[in-house]
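To start, the structure itself, in structure tokens.
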Amino acid sequence: MAEAGRDDEVDVLILGAGSGGYACALRAAQLGLSVALVEESKLGGTCLHVGCIPTKALLHAAEVADATREAESFGVLAKFDGIDAAGVRSYADGVVSRLHKGLTGLIKSRGIRVVEGRGRLTGPRQITVDGPDGQVVLTGRNVVLATGSAPRLIPGIEVDGTRVLTSDDALRLDSVPGSVIVLGGGVIGCEFASVWRSFGAEVTIVEALPRLLPPEDAASSATLERAFRKRGITARTGTSVESVRTEADGVVVTLSDESELRADLLLVAVGRGPRTEGLGYEDHGVTLDRGFVTVDDHCRTGADGLWAVGDIVPGLQLAHRGFQQGIFVAEQIGGLSPQPIDERGIPRVTYSRPEVASVGLTEEQAKEEYGDQGVTTLTYDLGGNGKSQILKTQGFVKLVRQVDGPVVGVHLVGERVGELIGEAQLIYGWEAHPDDVAPLVHAHPTQNEALGEAFLALAGKPLHAHS
Ligand code: NAI
């Protein structure tokens, strides 16, 4: 039974406490604004509970499994006895719960009012929340929509959570499957394929487009596919799924080339859709385009005082983008004049084995923008990098440069290279020329040096550089 509503007006009223929503709340509070944050589930959202954090914990467990299996090649005697799926879950859950506790404490300490329940936009600046304590009506001088995304489903493929899974279900598995078909060779598909292979499963990825990680530079996709093949992961690219049949002991998938695949499980990882349905957005001046909220480059919806951030806004669906948009909106509400976010400067990392990381333009995009003659590239093979040899990893650093201009794209493949994207991002963000970067000293031996070497080569002073 709903209780009588309580009217409250705050400076910033936020719907959704994922990366975008909570970052907005924290920054707004820091700027002295009064804030209310509405959340129907747990503070932290997809990233903390069913996304970035638990999946990266699984990937780390996968790395430990591979290291144990391959220990002998480093002269270490260890025996790989298998995976304790419950143990892996408890490790991942522990990481999530510590971070959740920290975040909850932080939000409380900043005086942010957290309202538990499902909120809907019921007025231009009003959110009605149905929660455990009944109904609450809140108003804000500004309202920030940050309701995030959910796994996209394919009509005709029924997700039952047991044989046919989304990534949410895959995180809750209490055993390692013997075999898996992964539908979609994007970021989620490649990361789960990588984990399951390290845990000992037979893995086949089915990707409709001609290559894995289609938005990445073609060279990165090719190197990842080669590395996956060596690891025993099969990639059926340029192929789509026609139909899925569930049987007592597994799934049978019919592909567009009429062949059939059988496995214990099917993971559906074909993208994430915005969570904007049934929330009253369109009734109060918000324009939706295929479910996404239309905003300008300041995250403003068409309606006065109504903003949107994170996965509901078209563009990269990444936690750190939502996070930055949340801060950006809070600062505008707080009277500051922050610069709009350059989407191309947002770093992207796929944490598979090997990792794929990038910032800026791919070679193809740069050529579209500056013409074939307007772009040069340089690829430095990790084979020449001491630390990568020590780690026994292969891959490359690829730089894409506008002729006589700055570096407009950096692409990396190899184990642990995700950690190098920070420097690449600064180079991109500061529109650095090779001569600006070449004099910087990189610590030896690090994988970071590979970036340094690549820049020396691009500046015309190769030390150990390959082509
Ligand atoms: P995605 O958009 O990255 O990849 C989906 C893939 O499925 C695409 O390559 C698409 O061509 C393919 N596909 C679609 N329909 C298909 C069909 N019928 N048959 C075969 N292939 C089909 O989406 P994904 O991997 O589900 O990830 C969702 C979002 O979550 C992404 O935006 C991603 O950036 C984000 N994410 C980011 C992570 C990271 O930054 N490390 C980790 C996991 C997710």
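The values are calculated or read from the model by the stated rules, or taken from the named source; none is laboratory data. No experiment lies behind these values; they were computed from the predicted model shown. Note that each Cβ is placed from the backbone with ideal geometry, even for glycine, and that neighbours are counted across all protein chains shown. All accessible areas refer to the heavy atoms of the entire protein, side chains included, with ligands and DNA or RNA removed. Shrake-Rupley method; radii C 1.70, N 1.55, O 1.52, S 1.80 Å.
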Checklist entry - Does the range 302-436 come out rounded, prolate or oblate by the C-alpha gyration tensor, with a ≥ b ≥ c the root eigenvalues, rounded set by a/c under 1.5 and, if not, prolate when a/b is larger than b/c and oblate if not? => result prolate
Checklist entry - Helix 319-333 versus the longest principal axis of the chain: what angle, 0 to 90°, nearest 10, using Cα atoms? => result 40
Next on the checklist: Can you give me the angle between helix 187-198 and the longest principal axis of the chain, using Cα atoms only, in degrees from 0 to 90, rounded to the nearest 10?
Outcome noted: 60
Checklist entry - If the chain between Leu440 and Thr237 were fully stretched, how many nm would it gain, using 0.36 nm times the residue separation less the Cα-Cα distance? => result 69.0 nm
Item to check | Around Lys392: net Lys/Arg minus Asp/Glu count, Cβ-Cβ under 11 Å | outcome: -2
Checklist outcome for this item: Counting only DSSP beta bridges fully inside the chain, the antiparallel percentage to nearest 5 is 60
Checklist entry - Which value in nm describes the separation of the simple spin-label points at Arg245 and Ala86, placed 7 Å from the Cα toward the beta carbon? => result 3.6
Next on the checklist: Which aspartates and glutamates, if any, have their Cα less than 14 Å from the Cα of Lys367, not counting same-chain residues under 8 positions apart?
Outcome noted: Asp217
Item to check | Extension reserve of the Thr377-Arg262 stretch, reckoned as 0.36 nm per residue once the Cα distance is removed | outcome: 37.2 nm
Item to check | Largest-first ordering by accessible area, 1.4 Å probe, given options Glu70, Glu9, Glu423 | outcome: Glu9, Glu70, Glu423
Checklist entry - the range 364-387 to the range 78-123: how many Å between their Cα centroids? => result 40
Checklist entry - Of Lys230/Lys387; Lys101/Lys392; Lys387/Lys461; Lys230/Lys398; Lys56/Lys79, which pairs sit farther than 26 Å apart, going by alpha carbon to alpha carbon? => result Lys101/Lys392
Checklist entry - So how tilted is helix 85-109 from the main axis of the chain? Cα-based, degrees 0 to 90, rounded to 10. => result 50
Checklist entry - Residues of the range 312-326 with amide nitrogen under 20 Å from the 7 Å Cα-to-Cβ point of Gln339? => result 316, 320-326
Checklist entry - Where a ≥ b ≥ c are the square roots of the eigenvalues of the C-alpha gyration tensor, would you call the chain rounded, which needs a/c under 1.5, or, failing that, prolate if a/b is larger than b/c, or oblate? => result oblate
Item to check | Residues of the chain: accessible area per residue with a 1.4 Å probe, Å² | outcome: 46
Checklist entry - Of the heavy-atom accessible surface of the range 175-243 (probe 1.4 angstrom), what whole percent is carbon and sulfur? => result 53
